[in-house]
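J.: I'd like to ask you about the structure that follows.
The values are calculated or read from the model by the stated rules, or taken from the named source; none is laboratory data. Because the structure is predicted, anything quoted here is derived from the model rather than measured. Here the Cβ positions follow ideal geometry from the backbone for every residue, glycine too, while neighbour counts run over all protein chains shown. Keep in mind that these areas ignore ligands, DNA and RNA; they rest on the heavy atoms of the full protein, side chains included. Shrake-Rupley method; radii C 1.70, N 1.55, O 1.52, S 1.80 Å.
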Amino acid sequence: MLSNKWSIIKSFGYKNGMLVALALLTGLCYNILTIMIPISIGKFYELSFGFSSHRLAAFKFIPFMDAPDFRSFLIFFFSLVLLRLLFEYLNRYGIALVGERFSKTLREQLFKNQLQISMGVYDSKGIGKYLLRYSGDLKSIQNYMKNGLIRFAQDIVLLCIVVLAIGYFDMYLGLMIAGCILVSSALLWILNRTLYKASLDRRNSRSGMLSFVNTRLRGIIALKAFNKYQPEEKRYQKRSDDLYDIGKRYAKIVALLQAIIPAITYGMLGIIMFYVFSSARGIHDSLGGSSLLVLILLIISILPVLRRSLRVSIIWKLGDISFSKLIDIFNLPKENQLPFENIILNKEEIVFKDVNFEYPNAAKTVFKDLDLSIATNRTTLIQGMSGSGKSTFVRLLLKLISPSKGDISFGHHQSSELSEKTIRKNISIVSKDFPLYGRDVYEAVVYNRKDQNKEKAEFLLQHLQQYEDKQNQLQLESKIGDLGCNLTSGQQKILMYCRALLTKKPILILEEPLKELNIKTQQLLLQLLRSIQNQKTLILLDDHKVKGFDIDKVHYL
């Protein structure tokens, strides 16, 4: 169970330990080489002007650092540059790879969790609000891992090494720089606390707008038909104004933070320059020429690192917000918490006993003390007018929702004791409430693209289309559009039959089984369904009696 940010990071680090270790190791080598370059320039100063420094002598243990001549020094210096180039490349690539793999892991885990979220959550909250998790939030979390953890850890190590190196050359200067860093970090931590709420409000507002646009565009045909342009534009403008106000507040805080960070670093540089100047004038113990040059170069080299380190709190705040939203999704109620059992559920009758159900905030109860039974390998008609509860009955049977009272059983198996996957492994359905999806016909009607499935799908598709207009007949590679929007209602119905029959599940639910099909296709389907009536449990849903079927029992809702 990924219950918090650190458990997610720990789980990723455990599975990808080698990659993370390599990123950190190359970063350490890159940092060491970064420090060695200004120190080596101090050696150049000695060679050029004939000075020597007892402080630089301490670094003679480094191979070729004690170069006897300028040519040897140049070989050593360019070797450092090339090695730094190599390790910087490996480090940057390694960090990017860690970020991409971390994002990939979370993206796949997020989608897996969203597929398992209970339908009650989607019914109450909608779907569009979760879309932002795949873009803005995953980007913030990836940035948190790359720059907020790995690169920040490397920067802290580099700063510590540089401060120690500066302290070696001048203890007071090293303490001064360490103190400036700590004071600056504390100041920025206080300022960043004000950023959190503005960031959270901004994310929530953006998420709400994305959900709003998603629902309006998916219902665009109704919006156009009822000329609801102006009302929806006004609603959107209100949301846009709110987001603009939140954005201004957020931008004000971020601008202040981004402006104050360079001011802090340049102010620190001014203090350091004053100290170095005073030292050179003899107010303090004088530094040698080469030592002074090394100090200046070391200080210059850490300024961008220091600035990046001071900005990391913004990355942390944004990452924390995104982590919390992601974890909220991980912790939503999910299906299939019970173990899957590979059992056949049509050996005994299906029974609804004293079943009650009502939707949250609904004006009326859908079912109250519903009792009915469905015999195995028989044809049962569930008849009722629109709004009587036929769709709710199907959702209860499939365990998409659960009754507030009563029991549903498949023989001696209680629905409440079976996983959703176990139940749905036995039930297939033809209904407009369960749309087609996929890029083409083949994706819409099969579970996988094995060759044997393709042959069966092609045969069944052609068989069911034999009385359709030749120009409108579909092929397996035909594009269906978003949720089948490119298809006529008749084509959709035929593909839904293909999808249901190819699964070979023992229980088959058919909503308005013959509607939207031409007469000859209806007769063809009736002949096909009658041939399997004694092998499957057929459940028909309609608002009137369905002709052509040998119906064994009728239940009225």
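J.: For a quick check: with amide H placed at 1.01 Å from N, whose amide H comes under 5 Å from Gly384's, ignoring anything fewer than 5 positions away on the same chain?
T.: Placed amide hydrogens put Asp542, Asp543, His544, Leu557 under 5 Å from Gly384.
J.: Looking at Thr376, His544, Gly27, which one has the Cα that reaches farthest to the positive end of the dipole of the chain (charges on Cβ: Lys, Arg +1; Asp, Glu -1)?
T.: Toward the positive end, the furthest listed residue is His544.
J.: Right, another one. List the trypsin sites (Lys or Arg not before Pro) in the stretch 289-387 that DSSP assigns to loop (not H, G, I, E or B) and whose Cβ has at most 10 other Cβ atoms within 10 Å. Which are they?
T.: Here the sparse-neighbourhood loop sites are Lys364.
J.: Ok, one more. Could you check how much of the accessible area of the chain is carbon and sulfur, as a whole percent, using a 1.4 Å probe?
T.: After summing per-atom areas, the C and S share lands at 59 percent.
J.: Can you tell me the orientation of helix 289-330 relative to the chain, as the angle in degrees between its alpha-carbon axis and the longest Cα principal axis, to the nearest 10?
T.: 20
J.: Still on this structure, I have one more. Using the structure shown, list the pairs from Lys504/Lys553; Lys353/Lys454; Lys334/Lys505 with a Cα-Cα distance above 31 Å, or answer none.
T.: Lys353/Lys454
J.: Give me a comma-separated list of calculated 3J(HN,Hα) values for the stretch 528-542, in order, Karplus coefficients 6.51, -1.76, 1.60 applied at θ = phi - 60°, integers in Hz, x for any Gly or Pro.
T.: Residue by residue, the stretch 528-542 yields 5, 5, 5, 6, 10, 4, 7, 10, 10, 8, 9, 10, 9, 10, 6 Hz.
J.: Taking a threshold of 20 Å on the Cα-Cα distance, which of the pairs Lys5/Lys317; Lys399/Lys425; Lys347/Lys545 fall above it?
T.: Beyond 20 Å between Cα atoms: Lys347/Lys545.
J.: Select from the stretch 443-529 those trypsin sites (Lys or Arg not before Pro) which occupy a DSSP coil region and have at most 15 other Cβ atoms within 10 Å, ordered by residue number.
T.: Arg449, Lys450, Lys504, Lys515
J.: Identify the chymotrypsin sites (Phe, Trp or Tyr not before Pro) of the stretch 165-234 meeting these criteria: DSSP loop state and at most 11 other C-beta atoms within 10 Å of the C-beta.
T.: Counting only loop positions with at most 11 other Cβ atoms within 10 Å, the chymotrypsin sites (Phe, Trp or Tyr not before Pro) in the stretch 165-234 are Phe226.
J.: When the helices in the chain are scored as -39500 (n - 2.57) per DSSP H run of 4 or longer and the sum is shared across all residues, what 222 nm value do you end up with, to the nearest 500 deg cm²/dmol?
T.: The per-residue figure over the chain is -21000 deg cm²/dmol.
J.: Here's something else I'd like to know. Projected onto the charge dipole of the chain (+1 at Lys/Arg Cβ, -1 at Asp/Glu Cβ, origin at the Cα centre), which of Ala165, Ile260, Ser431 gives the Cα projection farthest towards the positive end?
T.: So the residue furthest toward the plus end is Ile260.
J.: Computed from these coordinates, which is percent of Cα pairs over 38 Å apart: (1) 53; (2) 40; (3) 70?
T.: (1)
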